[in-house]
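The values are calculated or read from the model by the stated rules, or taken from the named source; none is laboratory data. Predicted, not measured: the structure shown is a model, and the values here were computed from it. Every residue, glycine among them, receives a Cβ derived from its backbone with ideal geometry; neighbour counts consider all protein chains shown. Heads up: the accessible areas ignore ligands, DNA and RNA and are worked out on the full protein's heavy atoms, side chains in. Shrake-Rupley method; radii C 1.70, N 1.55, O 1.52, S 1.80 Å.
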Amino acid sequence: MDPIFQYLFICTLVFIAGFIDAVAGGGGLISIPAYIVSGVPVHAAIATNKMSSSMGTLWATYKFSRDGYIPWKLALSCVVFAFIGSIFGANIALAIDARTFLFCMLVLIPITGLYVLRSKSLIKEKIPFSFSKTAILSIVTSSLIGVYDGFYGPGTGTFLILILTGVSHVSLKQANGITKVINSTTNLAALSVFLLNNQVLLPLGVVAGLFGIAGNHLGATYFKGKGAKGVRPIILTVLTIFFFRVVYDLFIK
């Protein structure tokens, strides 16, 4: 692919991915394939995507923090346990056949989509629990999603938002804020490893990262204005893309 067209192709899709990620998570389902389809080798694609997504997610985290959507005490606790969970997940991935897990996802994703369609927790916030109960449920949630992230990963942010609102009774805005803090932390940790191993295509990563920042900025602004009304259709879009990704991994790849 011509370098100029490659940059335009990747940056356009990274911008779209950043918008989606800021609103509902799951941007990686769009950005990683964009790098690979354009001809970037797989390892470099994952590494360079980590740079552009880190830049975008950090900006979204700043925006959410400035708007007061991040309960930092709760968010930082969730970060710690998400990390612990991801370590367990990575070890489980070494012991369990991935295809068995993907077949389970073929069932889980439509059920999740039905939940999103019928659930009122995205539209009408549930009655908050006490801080201690919310913290315990959020930490358990983050640990479980961390296990999933370490085992497989795609759609982690989307699932985290859904479970934090549905189980922990965290408001949608705070659930999205917590998710951004976790994503930023895990992205930076992974990016540091890729940088140390010279896997990141720096010029492409920086340029795409600027488009990621723009997409995340627009997405965070959209989320602030539209709230729950704007989140539901985007989450359903992410789940649809995710479903076809699982089908591809199972039957085509």
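Worth pointing out:
- Only a single criterion out of (1) over 15 Å from GLY28 (Cα atoms); (2) surrounded by 15 or more Cβ atoms within 10 Å (Cβ to Cβ) is not satisfied by PRO154, namely (1).
- Near pairs, Cβ below 6 angstrom, 6+ apart or cross-chain, from segment 125-152 (under 24 Å from LEU94 (Cα atoms)) to any residue that is open to solvent by less than 30 Å² (accessible area, probe 1.4 Å) and not in a helix (DSSP H, G or I): THR141/SER168
- Condition met for ILE145 (aliphatic (A, V, I, L, M), within 23 Å of ARG118 (Cα to Cα) and open to solvent by 50 Å² or more (accessible area, probe 1.4 Å)): no
- Residues in segment 208-231 include at least one that is aliphatic (A, V, I, L, M), closer than 13 Å to THR158 by Cα and either open to solvent by less than 10 Å² (accessible area, probe 1.4 Å) or modelled with pLDDT under 95 (or both).
- GLY85 falls short on exactly one of the conditions (1) under 27 Å from LYS224 (Cα atoms); (2) buried (at least 20 other Cβ atoms within 10 Å of the Cβ), and that condition is (1).
- Once segment 1-16 is narrowed to residues that are more than 13 Å from ALA45 (Cβ to Cβ) and in contact (Cβ under 8 Å) with a residue 40 or more places away in the chain, the residue that is surrounded by the fewest Cβ atoms within 10 Å (Cβ to Cβ) is THR12.
- Cβ-Cβ under 9 Å pairs, at least 6 apart or on other chains, segment 41-62 side surrounded by fewer than 24 Cβ atoms within 10 Å (Cβ to Cβ), far side modelled with pLDDT under 95 and acidic (Asp, Glu): none
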